[in-house]
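> Quick one: the structure is below, and I'll ask about it shortly.
Each reported figure results from applying straightforward, stated rules to the coordinates on display, with no laboratory input. Worth saying up front: this structure is predicted, and the values here are computed from it rather than measured. Here Cβ is always computed from backbone atoms with ideal geometry, including for glycine, and neighbour counts include all displayed protein chains.
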Amino acid sequence: MFFFRKRFHLVIVCTANRTRSAYVAGYLRHYLAQYRPDALKRVKITSAGTKANGGGRVNDVVALIARTEGFSLRQHTAEPLSANLVKRADLILVMEQEHKDFILEKYPDASAKVFRLMEYGWQGEDPVETLDVPDPTGKNVEDFKAFIETAHVEADRLVHELVHREIL
């Protein structure tokens, strides 16, 4: 007799699902493929946006950065956050408090599984406002560099947290 364990469904959320959540989800899949390929069998990673227009393309700058990091976001299309996606998710990680507030207002039953990316498993003493991941869209190169550095650090930290919680 075989027992099939449900895949852990991780949803990454930002506003338009064209920059931050698209990159973090793509980078996280790339990271796992490189360092923990077995984990990809146990986790499903998707992304969505609180104000996404379905089918929108990924931000050109983020697509270029992804290519230089060794993965592609060409197949990504923006997806609006839906009740079905919230229901199926085991964990929802958002970029800003604004996204968390939006989800909790619209889907109050999801409160136990919605966290800001930098808040999930965080043990630090930082003030709450510093745990948001700023949107680099339309900003300068330094803002994109800061975002990419944050995305990489947080992906690494997230993987360690998921391993610690025996999800991966």
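> Of all DSSP beta bridges located in segment 8-164, what percent are antiparallel, nearest 5? Could you put the intermediate results ahead of the total?
Details: 1 of 16 bridges.
Just about 5 percent of them are antiparallel.
> To continue, here is another question. Can you run phi through the Karplus equation (6.51, -1.76, 1.60; θ = phi - 60°) for segment 149-155 and list ³J(HN,Hα) in whole Hz, with x for Gly and Pro?
Karplus-based 3J(HN,Hα) across segment 149-155 equals 4, 4, 4, 5, 4, 5, 4 Hz.
> For residue 51, which aspartates and glutamates qualify as cross-link partners when the Cα separation must be under 18 Å and same-chain residues fewer than eight apart are set aside?
List returned: 79, 96, 98, 101, 105, 132, 135.
> Continuing with the same structure: Using the Cα centre as the reference, give the magnitude of the dipole from point charges on the C-beta atoms of the chain (Lys, Arg: +1; Asp, Glu: -1; all else neutral), rounded to the nearest 20 debye. Let's see the in-between values first.
Details: 24 positive and 23 negative charges, 226 e Å.
Its charge dipole is roughly 1080 debye.
> Here is a further query. Count the lysine pairs in segment 63-168 whose Cα atoms sit under 17 Å apart, keeping only pairs 8 or more residues apart in sequence or on different chains. All intermediate terms of the calculation are to be shown ahead of the outcome.
Numbers: 87/100; 87/106; 87/113; 100/113.
Number of lysine pairs found: 4.
> Here's another thing I want to ask about it. Residue by residue, what Karplus-based ³J(HN,Hα) values in Hz, rounded to whole numbers, does segment 108-114 have, using 6.51, -1.76 and 1.60 with θ = phi - 60° and x for Gly and Pro?
x, 5, 8, 4, 6, 10, 10
> Using only alpha carbon pairs under 8 Å that are at least six residues apart, calculate the relative contact order of segment 4-154 and give it in whole percent.
Details: 245 pairs, mean separation 38.1, N = 151.
Once normalised by length, the contact order is 25 percent.
> Would you mind putting 89-96, 158-165 in packing order, based on average other-beta-carbon counts within 10 Å, highest first?
Details: 89-96: 23.8, 158-165: 15.5.
Ranked from most to least packed, the peptides come out as 89-96, 158-165.
> Scan around residue 8 for amide H atoms under 5 Å from its own, H built in the peptide plane at 1.01 Å from N, and keep only partners 5 or more places away or cross-chain.
Amide H to amide H, under 5 Å and 5 or more residues apart or across chains, residue 8 pairs with 43, 44.
> Follow-up. When the Karplus curve 6.51 cos²θ - 1.76 cosθ + 1.60 is applied with θ = phi - 60°, which whole-Hz ³J(HN,Hα) does each residue of segment 7-13 get, with x for Gly and Pro?
5, 6, 9, 9, 10, 9, 10
> Right, something else. So, in nm, how far is label residue 110 from label residue 88 when the simple model puts each one 7 Å beyond its Cα toward the Cβ?
1.3 nm
> Something else now. Once amide H atoms are placed 1.01 Å from N in the peptide plane, what residues at a sequence separation of 5 or more from residue 47, or on another chain, have their amide H within under 5 Å of its amide H?
Residues meeting the criterion, in which the H sits 1.01 Å from N, are 12.
> Oh, and also: Given axes a ≥ b ≥ c from the Cα gyration tensor, I'd like to know whether segment 8-164 is rounded (a/c under 1.5), prolate (a/b larger than b/c) or oblate.
Note, shape of segment 8-164 comes out rounded.
> Going by amide H atoms built from the backbone, whose H comes under 5 Å of the H on residue 94, apart from near neighbours?
13, 115, 116, 117
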